[in-house]
Amino acid sequence: MIKKRRKKISIWQMLALGYLAVIITGSLLLIIPAATKDGSSTDYLDALFTAASATCVTGLTPFNTGAHWSVFGQIVILILIQTGGLGFMTIVSVLFQLFGKGLNLSGKRAVIASSGGKLSGLSGLVKRIFIGTAACEILGAALLMIRFIPDFGPLKGVYFAVFHSVSAFCNAGFDLMGWAGYESLTHYATDPLVSLTICALIIVGGLGFCVWGDVFDCRFRFKKFQLNTKIVLIMSAFLLVTSTALFLGFEWNNSYYADYDFGEKLLVSFFNATTPRTAGFYTTNPAYFSESGYLLTIILMFIGGSSGSTAGGIKVGTFAVIVMGMLGAFRGNKDINIGSKRIEYSLLSQALAIFTACLMILMVTTISICAIEGDTANFKNVLFECVSALGTVGISLDVESAGGAIVNFTSTLQPASKAIVIILMYAGRVGILTLAFAVASKRKTSDIRKPVDTLLIG
């Protein structure tokens, strides 16, 4: 008898299925009555939504995290956030090492694909990720304790500090401030200690493990950095500085800023520029932004952070390649030159594919949710929600519910709309390219090339 050859799971399928398994496991834990404060069982779709949001480090939620979930439920969410932030395959790699086993080649490649780095240095990369993550989160928690322990007491203050430090570093945006009766971090809008600590955690987590690894390996000497590290650092700094200045100008006369002096306005503007890079916290309610501030937030959410990091979006590297490719095309250059280096046009093709795919996904999902919700939702809220989900940001605009209460837009969505948002969050965390490679069948490329023709463009 001829034995059928077992079909091997590809690296990309391994990553996609791994995140899906974590989400489903988390959702099953969140429907347990012990996961809620009132002891009732949460509707499965809402539990699935929350688990997907936590694993995909997004932050969108149908419930107020601090008010709805018990300590058990919050710890489940925290574990999902940490798993999603570190990366599913990174966790698997560590578990294999703890049990004295090693990953096979496909598993090792999956870790590299999800976090970056080189195959030869996988063991060192995983250790660096864990040590770096622990160091950042412990330092962040220690700084937040300075403020939270006096405000909430010793036990609750430590717990709040740890939770928000992990959530910020992983760019998740889940907060427990509803437990204290606050709205996200608005109570600490003008507090430099809390605001700057959260911002620092978001930025460090959003830059990525390999970027920081390269920075430390080169002992902070910029000239020796890899091209990817240079581009990520330059683009991230440019986006932060530019968007801070723009928020300062756009929201200068905003009623939210009315009682702030210049330093406080600058601090709040810096936070507003940092958090759309896939974090989800806010010190200024985005529902009260000017139209310019609203659009700037959408642009920042769409771009996101760095590849191989805890951030989402199309990534700053993708954005940089598209911009440099555009400038090269306008100048009539045959190559895409960045400094003293040249990058292949195939990379530009992939960058444009990601950009176009994300735009098309946003168009389809925004239209779909608008059709499902009908007159109960306006285009502005739906577009913001979809970009926030795909960019794994987690900011949602406040709306007035049918009962007249002010709630976040996520909680008002119909079940079908919530299912669409779950898919967006999943696609944003796993990655458009990863999903495309996961579902694509393996086809042999023909050596025969078709005749060249042309199209009119521009």
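The values are calculated or read from the model by the stated rules, or taken from the named source; none is laboratory data. Remember, predicted model here, so these are calculated numbers, not experimental data. Cβ placement follows ideal geometry from the backbone for every residue including glycine, while neighbour counts extend to all protein chains displayed.
Could you tell me whether Leu201 is of a type in the set (A, V, I, L, M), at pLDDT 90 or above, closer than 22 Å to Gly394 by Cβ and buried (at least 17 other Cβ atoms within 10 Å of the Cβ)?
Answer is yes for this residue.
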Worksheet item: Taking helices (runs of 4 or more DSSP H) that fall entirely within the range 142-219, which contain at least 1 residues that are of a type in the set (Ser, Thr, Tyr)?
Response: 154-169, 192-207
Response to the item:
Taking the range 280-315 and keeping residues modelled with pLDDT under 90 and farther than 27 Å from Gly208 by Cα leaves Asn285, Ala287, Tyr288
Discussion item. Restricting to the range 207-266, count the residues that are without any contact (Cβ under 8 Å) to a residue 12 or more places away in the chain, basic (Lys, Arg) and more than 26 Å from Ala135 (Cα to Cα).
Written reply: 1
Item to complete: Out of the residues in the range 424-445 that are under 14 Å from the mean Cα position of the chain (by Cα) and not small (Gly, Ala, Ser), state the one that is modelled with the lowest pLDDT.
Response: Ile432
Response to the item:
Selection over the range 301-344 where residues are among the β-branched types (Val, Ile, Thr) and either over 20 Å from Leu359 (Cβ atoms) or assigned to a loop (DSSP other than H, G, I, E, B) (or both) yields a count of 5
Worksheet item: List pairs: first in the range 371-395 and buried (at least 19 other Cβ atoms within 10 Å of the Cβ), second aromatic (Phe, Trp, Tyr) and not in a helix (DSSP H, G or I), Cβ under 7 Å, 6+ apart or cross-chain?
Response: Ile395/Tyr282
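Would you be able to tell me the number of residues in the range 249-284 that are out of contact with any His (no Cβ under 9 Å at 6 or more places or on another chain), part of a loop (DSSP other than H, G, I, E, B) and more than 15 Å from Ile299 (Cβ to Cβ)?
Within the range 249-284, residues that are out of contact with any His (no Cβ under 9 Å at 6 or more places or on another chain), part of a loop (DSSP other than H, G, I, E, B) and more than 15 Å from Ile299 (Cβ to Cβ) number 12.
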Worksheet item: Restricting attention to the range 338-351, does a residue exist that is under 25 Å from Thr242 (Cα atoms), touching a Ser or Thr at 6+ places or on another chain (Cβ under 8 Å) and not acidic (Asp, Glu)?
Response: yes
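Check the range 204-219 and report whether any residue there is modelled with pLDDT of 90 or more and surrounded by 19 or more Cβ atoms within 10 Å (Cβ to Cβ).
Yes, there is a match, as at least one residue in the range 204-219 is modelled with pLDDT of 90 or more and surrounded by 19 or more Cβ atoms within 10 Å (Cβ to Cβ).
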Discussion item. When you check Thr318 against the structure, is it modelled with pLDDT under 85, touching a helix residue (DSSP H, G or I) at 6+ places or on another chain (Cβ under 8 Å), under 30 Å from Val126 (Cβ atoms) and crowded, with 21+ Cβ neighbours inside 10 Å, yes or no?
Written reply: no
Worksheet item: Residues of the range 165-194 being over 15 Å from Thr65 (Cα atoms) and surrounded by fewer than 22 Cβ atoms within 10 Å (Cβ to Cβ), which ones?
Response: Thr186, His187, Ala189, Thr190, Asp191, Pro192, Leu193
Item to complete: Being in contact with a Ser or Thr (Cβ under 6 Å, 6 or more places away or on another chain) and at pLDDT 90 or above narrows it down to one of Ala237, Ala273, so name that one.
Response: Ala273
Discussion item. Of everything in the range 252-287, what is among the aromatic types (Phe, Trp, Tyr) and surrounded by 16 or more Cβ atoms within 10 Å (Cβ to Cβ)? Give them in sequence order.
Written reply: Tyr256, Tyr257, Tyr260, Phe270, Phe271, Phe281, Tyr282
Fill in: Members of the range 31-88 found to be under 26 Å from Ala405 (Cα atoms) and of a type in the set (Ser, Thr, Tyr), listed by number
Thr36, Ser40, Ser41, Thr42, Tyr44, Thr50, Ser53, Thr58, Thr61, Thr65, Ser70
Worksheet entry | Pairs where the first residue, in the range 146-175, is acidic (Asp, Glu) and the second is assigned to a helix (DSSP H, G or I), C-beta under 6 Å, 6+ apart | none
Item to complete: Out of the residues in the range 325-354 that are among the β-branched types (Val, Ile, Thr) and touching a strand residue (DSSP E or B) at 6+ places or on another chain (Cβ under 7 Å), state the one that is nearest to Phe225 (Cα to Cα).
Response: Ile343
Worksheet, complete the sentence: Subset of the range 396-405, residues in a strand (DSSP E or B) and modelled with pLDDT of 80 or more, comes to Asp398, Val399
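Take the conditions more than 23 Å from Ile234 (Cα to Cα) and of a type in the set (A, V, I, L, M) and apply them to Ala320. Does it pass?
So Ala320 fails the test.
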Worksheet entry | Only listed residue being among the aromatic types (Phe, Trp, Tyr), touching a helix residue (DSSP H, G or I) at 6+ places or on another chain (Cβ under 9 Å) and touching a residue at least 24 places away in the same chain (Cβ under 8 Å), chosen from Tyr426, Tyr345 | Tyr426
Fill in: Meets criteria (part of a helix (DSSP H, G or I) and within 22 Å of Phe271 (Cα to Cα)) for Phe238
yes
